[in-house]
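Please read the structure below before turning to the comments.
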Amino acid sequence: MTAADVAVVLFGERRLPRPLRALPTANLDEVQRYRRVVVVGADADLAAVLKRLLRADRLDVEVAHVTSWRRARRAICGAAQRVPLIRDETGTVIVGSALWRGVDGPLHGEAIVDDTVLFDGDVAAVRVEPTFAMPGLRATVVGRGGRRWVAGRAAQLGTTGAVVVRDGVAAPRPVKRSTFYRHTEGWLRVR
(Lines give C-alpha, C1' and ligand atoms only; values in the text may rest on other atoms or scores of the structure.)
Protein backbone atom coordinates (compact mmCIF):
# COMPACT_ATOMS: atom_id res chain seq x y z
CA MET A 1 0.00 0.00 0.00
CA THR A 2 1.41 3.37 -1.01
CA ALA A 3 0.94 6.73 0.67
CA ALA A 4 -1.54 7.66 -2.09
CA ASP A 5 -3.79 4.80 -0.94
CA VAL A 6 -4.07 6.18 2.63
CA ALA A 7 -5.79 9.36 3.85
CA VAL A 8 -6.46 10.94 7.23
CA VAL A 9 -9.89 12.23 8.26
CA LEU A 10 -9.42 14.79 11.02
CA PHE A 11 -12.45 15.74 13.13
CA GLY A 12 -13.04 18.79 15.29
CA GLU A 13 -10.18 20.65 16.85
CA ARG A 14 -7.96 17.60 17.06
CA ARG A 15 -4.28 17.92 16.21
CA LEU A 16 -2.76 15.71 13.56
CA PRO A 17 -0.32 13.25 15.21
CA ARG A 18 3.24 13.59 13.91
CA PRO A 19 3.42 10.10 12.28
CA LEU A 20 0.42 11.03 10.09
CA ARG A 21 1.57 14.45 8.89
CA ALA A 22 2.94 13.16 5.57
CA LEU A 23 -0.42 11.69 4.59
CA PRO A 24 -3.10 13.57 2.67
CA THR A 25 -6.26 14.59 4.49
CA ALA A 26 -9.74 13.78 3.24
CA ASN A 27 -13.22 14.88 4.18
CA LEU A 28 -16.16 12.62 4.89
CA ASP A 29 -17.33 12.75 1.27
CA GLU A 30 -13.98 11.40 0.02
CA VAL A 31 -13.37 8.40 2.30
CA GLN A 32 -14.53 5.79 -0.22
CA ARG A 33 -11.76 6.85 -2.65
CA TYR A 34 -8.96 5.33 -0.55
CA ARG A 35 -7.85 1.82 0.38
CA ARG A 36 -7.19 2.85 3.99
CA VAL A 37 -8.64 5.70 6.03
CA VAL A 38 -7.21 6.89 9.34
CA VAL A 39 -9.85 8.53 11.55
CA VAL A 40 -8.57 11.02 14.14
CA GLY A 41 -11.58 11.70 16.33
CA ALA A 42 -14.12 10.30 18.77
CA ASP A 43 -16.20 7.12 18.48
CA ALA A 44 -19.03 9.12 16.88
CA ASP A 45 -16.59 10.34 14.21
CA LEU A 46 -15.45 6.80 13.44
CA ALA A 47 -19.11 5.73 13.26
CA ALA A 48 -19.81 8.55 10.76
CA VAL A 49 -16.99 7.30 8.51
CA LEU A 50 -18.25 3.71 8.72
CA LYS A 51 -21.80 4.86 7.96
CA ARG A 52 -20.51 6.65 4.84
CA LEU A 53 -18.62 3.53 3.73
CA LEU A 54 -21.68 1.37 4.40
CA ARG A 55 -23.90 3.60 2.27
CA ALA A 56 -21.30 3.70 -0.52
CA ASP A 57 -21.00 -0.12 -0.39
CA ARG A 58 -17.27 0.24 0.31
CA LEU A 59 -16.72 -1.90 3.41
CA ASP A 60 -13.54 -3.10 1.69
CA VAL A 61 -11.82 0.13 2.81
CA GLU A 62 -9.51 -0.46 5.79
CA VAL A 63 -10.23 1.88 8.71
CA ALA A 64 -7.93 2.84 11.59
CA HIS A 65 -9.07 4.84 14.62
CA VAL A 66 -6.40 7.02 16.18
CA THR A 67 -6.78 8.17 19.77
CA SER A 68 -3.09 8.38 20.73
CA TRP A 69 0.37 8.87 19.21
CA ARG A 70 1.12 5.13 19.55
CA ARG A 71 -2.02 4.23 17.61
CA ALA A 72 -1.01 6.69 14.89
CA ARG A 73 2.02 4.55 14.03
CA ARG A 74 -0.10 1.38 13.93
CA ALA A 75 -2.64 3.10 11.69
CA ILE A 76 -0.07 3.24 8.90
CA CYS A 77 1.50 -0.22 9.12
CA GLY A 78 -1.02 -2.29 11.11
CA ALA A 79 -2.93 -5.21 9.65
CA ALA A 80 -6.65 -5.04 8.98
CA GLN A 81 -9.07 -7.62 10.33
CA ARG A 82 -12.76 -7.94 9.50
CA VAL A 83 -14.94 -7.38 12.57
CA PRO A 84 -18.74 -7.18 12.97
CA LEU A 85 -20.39 -3.93 11.91
CA ILE A 86 -23.25 -2.98 14.25
CA ARG A 87 -25.94 -0.66 12.92
CA ASP A 88 -29.54 0.23 13.60
CA GLU A 89 -32.68 0.48 11.52
CA THR A 90 -31.77 4.05 10.49
CA GLY A 91 -28.45 2.91 9.00
CA THR A 92 -26.49 4.57 11.81
CA VAL A 93 -23.38 2.65 12.94
CA ILE A 94 -22.17 2.33 16.53
CA VAL A 95 -18.57 1.57 17.45
CA GLY A 96 -18.34 2.36 21.18
CA SER A 97 -21.76 1.92 22.71
CA ALA A 98 -25.42 2.85 22.48
CA LEU A 99 -27.85 3.58 25.27
CA TRP A 100 -31.61 3.26 25.46
CA ARG A 101 -32.98 5.41 28.29
CA GLY A 102 -36.37 6.67 29.32
CA VAL A 103 -37.56 10.06 28.13
CA ASP A 104 -38.39 11.46 31.58
CA GLY A 105 -37.53 8.72 34.05
CA PRO A 106 -37.26 4.94 33.87
CA LEU A 107 -37.26 3.09 30.56
CA HIS A 108 -40.54 1.16 30.32
CA GLY A 109 -40.92 -1.70 27.87
CA GLU A 110 -39.17 -4.89 26.82
CA ALA A 111 -35.75 -5.60 25.30
CA ILE A 112 -34.69 -8.85 23.67
CA VAL A 113 -31.26 -10.00 22.52
CA ASP A 114 -31.81 -12.69 19.89
CA ASP A 115 -34.18 -15.02 21.82
CA THR A 116 -33.25 -13.90 25.36
CA VAL A 117 -35.41 -11.38 27.25
CA LEU A 118 -33.07 -8.75 28.68
CA PHE A 119 -35.81 -6.99 30.64
CA ASP A 120 -39.58 -6.65 30.76
CA GLY A 121 -40.93 -3.75 32.83
CA ASP A 122 -39.02 -0.70 34.09
CA VAL A 123 -35.23 -0.22 34.16
CA ALA A 124 -32.89 2.74 34.34
CA ALA A 125 -31.40 2.14 30.87
CA VAL A 126 -29.94 -0.49 28.54
CA ARG A 127 -26.39 -0.39 27.17
CA VAL A 128 -25.55 -2.04 23.82
CA GLU A 129 -21.94 -2.54 22.70
CA PRO A 130 -20.39 -3.98 19.55
CA THR A 131 -17.94 -6.83 20.02
CA PHE A 132 -14.98 -7.57 17.78
CA ALA A 133 -16.04 -11.22 17.49
CA MET A 134 -19.23 -13.07 16.64
CA PRO A 135 -22.09 -12.93 17.35
CA GLY A 136 -21.45 -9.17 17.11
CA LEU A 137 -22.98 -7.30 20.04
CA ARG A 138 -23.80 -7.53 23.72
CA ALA A 139 -26.34 -5.75 25.92
CA THR A 140 -26.95 -5.20 29.61
CA VAL A 141 -29.39 -3.44 31.90
CA VAL A 142 -27.75 -0.37 33.47
CA GLY A 143 -28.18 0.16 37.20
CA ARG A 144 -28.67 -3.43 38.32
CA GLY A 145 -26.04 -4.95 40.56
CA GLY A 146 -23.76 -7.56 38.98
CA ARG A 147 -24.12 -6.69 35.31
CA ARG A 148 -25.31 -9.56 33.17
CA TRP A 149 -24.26 -9.18 29.57
CA VAL A 150 -26.21 -11.00 26.89
CA ALA A 151 -24.46 -11.56 23.56
CA GLY A 152 -26.25 -11.90 20.26
CA ARG A 153 -26.68 -10.81 16.68
CA ALA A 154 -29.46 -8.29 17.41
CA ALA A 155 -30.92 -6.30 20.32
CA GLN A 156 -34.50 -5.03 20.03
CA LEU A 157 -36.49 -2.63 22.17
CA GLY A 158 -40.23 -1.99 22.33
CA THR A 159 -41.17 0.85 24.66
CA THR A 160 -43.62 3.60 25.52
CA GLY A 161 -40.81 6.07 24.75
CA ALA A 162 -37.02 6.00 24.72
CA VAL A 163 -34.12 8.25 23.87
CA VAL A 164 -31.46 6.51 21.77
CA VAL A 165 -27.89 7.65 22.45
CA ARG A 166 -25.38 6.44 19.85
CA ASP A 167 -21.68 6.83 20.71
CA GLY A 168 -22.52 9.72 23.05
CA VAL A 169 -24.88 11.52 20.64
CA ALA A 170 -28.57 11.58 21.59
CA ALA A 171 -31.18 11.26 18.84
CA PRO A 172 -33.37 14.34 18.41
CA ARG A 173 -36.69 12.53 18.98
CA PRO A 174 -37.91 9.73 21.26
CA VAL A 175 -38.76 6.37 19.68
CA LYS A 176 -41.16 3.52 20.46
CA ARG A 177 -38.98 0.86 18.82
CA SER A 178 -35.26 0.52 18.23
CA THR A 179 -33.03 -2.29 16.96
CA PHE A 180 -29.27 -2.71 16.79
CA TYR A 181 -27.98 -5.60 14.71
CA ARG A 182 -24.96 -7.08 12.97
CA HIS A 183 -24.78 -6.05 9.32
CA THR A 184 -24.30 -8.83 6.77
CA GLU A 185 -20.72 -7.67 6.12
CA GLY A 186 -18.21 -6.52 8.71
CA TRP A 187 -15.74 -3.64 8.50
CA LEU A 188 -11.94 -3.84 8.16
CA ARG A 189 -10.47 -2.64 11.45
CA VAL A 190 -6.76 -1.77 11.43
CA ARG A 191 -4.99 -2.81 14.62
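The values are calculated or read from the model by the stated rules, or taken from the named source; none is laboratory data. What you see is a predicted model, and the numbers here were worked out from it, not measured in a lab. We place every Cβ from the backbone using ideal geometry, glycine too, and count neighbours over all the protein chains shown. With ligands, DNA and RNA removed, areas are computed over all heavy atoms of the protein, side chains included. Shrake-Rupley method; radii C 1.70, N 1.55, O 1.52, S 1.80 Å.
Of all residues in region 29-70, those satisfying the criterion of being part of a loop (DSSP other than H, G, I, E, B) and either under 18 Å from D88 (Cβ atoms) or not acidic (D, E) (or both) are Y34, R35, G41, A42, A56, R58, L59, V61, T67, S68.
Out of all the residues in region 168-182, which are assigned to a strand (DSSP E or B) and open to solvent by 30 Å² or more (accessible area, probe 1.4 Å)? Scanning region 168-182 gives V169, A170, V175, K176, R177, T179, Y181, R182. Mind checking whether some residue in region 117-129 is open to solvent by less than 70 Å² (accessible area, probe 1.4 Å) and touching a Pro at 6+ places or on another chain (Cβ under 8 Å)? Yes; the residues of region 117-129 include at least one that is open to solvent by less than 70 Å² (accessible area, probe 1.4 Å) and touching a Pro at 6+ places or on another chain (Cβ under 8 Å).
Filtering A98, A56, A75 for residues that are within 20 Å of the chain's Cα centre (by Cα) and closer than 20 Å to V165 by Cβ leaves a single hit, A98. Has region 13-24 got at least one residue that is among the aliphatic types (A, V, I, L, M) and under 23 Å from G186 (Cα atoms)? No; the residues of region 13-24 include none that is among the aliphatic types (A, V, I, L, M) and under 23 Å from G186 (Cα atoms). In this structure, G136 does not qualify as in contact (Cβ under 8 Å) with a residue 40 or more places away in the chain and touching an Asp or Glu at 6+ places or on another chain (Cβ under 9 Å). Pairs linking a residue in region 101-117 that is closer than 20 Å to D167 by Cβ to a residue that is of a type in the set (F, W, Y), with Cβ atoms under 8 Å and 6 or more positions apart or on different chains, are L107/W100; A111/W100; A111/F119. Within region 133-167, the residues that satisfy the criterion of being open to solvent by 70 Å² or more (accessible area, probe 1.4 Å) and part of a loop (DSSP other than H, G, I, E, B) are M134, G143, R144, G145, G146, R147, R148, W149, R153. When we screen A48, A64, A75 for residues that are at pLDDT 95 or above, among the small types (G, A, S) and open to solvent by less than 30 Å² (accessible area, probe 1.4 Å), the only hit is A64.
Within region 80-109, being open to solvent by 70 Å² or more (accessible area, probe 1.4 Å) and touching an Asp or Glu at 6+ places or on another chain (Cβ under 9 Å) holds for R82, P106, H108.
When each of R74, R14 is tested for being in contact (Cβ under 8 Å) with a residue 60 or more places away in the chain and farther than 26 Å from G158 by Cα, the lone residue that passes is R74.
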